[in-house]
């Protein structure tokens with residue numbers, strides 16, 4: 001948590017996975033989309049849903065429930081895709097994160113955020129930037145840059161590029 005000054009105020013987007021509250025730094029969020037058709041990519045990890053067409057670009061979509069080891073569930077009217085920009089070792093990858101629902105944007109100062117717990121959460125503690133009190137509940141603030149390894153980001157980005165090339169080939173044949 002050394003990268004956030006104690007007196008700085010940041011905005012976060014809250015969302016729900018399996019009735020638990022999570023949040024992402026709004027600076028990492030590009031937009032929130034309603035659930036749409038996702039094209040499955042063969043031989044990818046279970047948490048990799050596939051790709052969507054976002055204004056002419058193939059964007060990989062990841063099911064955060066499955067990535068975090070939470071049982072999958074059916075989609076509802078509230079299910080959405082949070083488009084985020086993930087960075088690792090100077091590389092930027094845009095991907096969609098499937099969430100049960102999005103709640104709201106809120107502000108927190110650095111002093112409101114406690115360090116990530118060493119145990120007691122359903123996800124790896126290195127994925128969690130910190131915890132904060134949100135009303136009567138706690139909210140886990142994710143460090144989206146640490147949720148995926150460099151190898152996973154390369155695979156996700158590569159799958160998206162492969163889907164673009166296949167779609168272009170089909171379009172050229174038609």
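Listed from fewest to most Cβ neighbours within 10 Å, the set 66, 17 follows the order 66, 17. Estimated at 0.36 nm per residue, the fully extended path between residue 76 and residue 92 surpasses their Cα-Cα distance by 2.7 nm. Given their separation in residues at 0.36 nm each and the Cα-Cα distance between them, residue 114 and residue 46 gain 21.3 nm when the chain is fully extended.
Among 77, 32, the order by Cβ neighbours within 10 angstrom, fewest to most, reads 77, 32. Classify segment 1-118: rounded, prolate or oblate, from the alpha-carbon gyration tensor (a ≥ b ≥ c, eigenvalue square roots; a/c under 1.5 rounded; otherwise prolate if a/b is larger than b/c)? Since a/c reaches 1.5 and a/b is larger than b/c, the shape of segment 1-118 is classed as prolate. Label positions at residue 85 and residue 30, each projected 7 Å from the Cα along the C-beta direction, are separated by 0.9 nm. Taking a ≥ b ≥ c as the square roots of the eigenvalues of the Cα gyration tensor, segment 20-65 is oblate, since a/c reaches 1.5 or more and a/b is not larger than b/c. Here the label points at residue 66 and residue 8, each 7 Å from Cα along the C-beta direction, are separated by 3.5 nm in the simple model.
Laboratory data are not the source of any read-out in this text; all were calculated from the coordinates shown. Quick caveat: nothing in here was measured; it's all calculated off a predicted structure. Heads up, the Cβs are rebuilt from the backbone with ideal geometry, glycines too, and the neighbour counts pull from every protein chain shown.
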